[in-house]
Amino acid sequence: MFVLPARMPRKRATPTGRRNTHPERDLQKSVVGMLRKIVPPDIPWTAVLHGVFLTHDKEQNMRRGKLLKDMGLNPGWADIQFIWKQRLIAIELKADGRLSDAQKDMSTLITLQGGVWKTCRSVEEVVDFLETLGMPLKKLMPAERAVLRAMALGGRLL
């Protein structure tokens, strides 16, 4: 199996000329789109939307963060989670940057409980990781695989 090395994607300008201020959100949307195509319906998975409600208003973010915490959202959980073969498979997506201390702690806890944690920086890395685990994914067409490679190398799809 050919695996491209993980690399830090460059922040690219959008078609309007502005910098992408949400590279991790865009990565998660791409990963979720691919997972919807290739993960069989008998394998449960979900995405945890920790920062999706944040705005540029710091005070509003503090109120929303408190509400989410009061409702049971704990820090450090991975962005994408599967239950497969009676194990939690946790995938943290990072377009740039590193794991927070809470994420490092959670990855240790999940691993100690028999789960699997992986940090991925591209759609292709997520697919390769799931294949490495032996998860029975729907096969990708060669053109789809080529698109994943182009995206992993920093290419953009229009």
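The values are calculated or read from the model by the stated rules, or taken from the named source; none is laboratory data. No experiment lies behind these values; they were computed from the predicted model shown. Here the Cβ is made from the backbone with ideal geometry for all residues, glycine too, and neighbour counts use every protein chain on show.
Below, the figures for the structure above:
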quantity	calculated
Test result for G33, part of a helix (DSSP H, G or I), at pLDDT below 95, over 30 Å from D70 (Cβ atoms) and not charged (D, E, K, R)	yes
Residue within segment 57-80 that is closer than 23 Å to E125 by Cα, modelled with pLDDT of 75 or more and polar (S, T, N, Q) present	no
Residues satisfying the stated conditions in segment 32-88, i.e. in contact with a strand residue (DSSP E or B) (Cβ under 9 Å, 6 or more places away or on another chain), farther than 16 Å from Q103 by Cβ and among the aliphatic types (A, V, I, L, M)	V32, L35, V39, I43, I83
Breaking point among (1) over 15 Å from the mean Cα position of the chain (by Cα); (2) of a type outside the set (D, E); (3) assigned to a loop (DSSP other than H, G, I, E, B), for M62	(3)
Of residues in segment 104-158 being among the basic types (K, R) and part of a helix (DSSP H, G or I), the one modelled with the lowest pLDDT	R149
Hey, A90 assigned to a loop (DSSP other than H, G, I, E, B) and within 14 Å of the chain's Cα centre (by Cα) or not	no
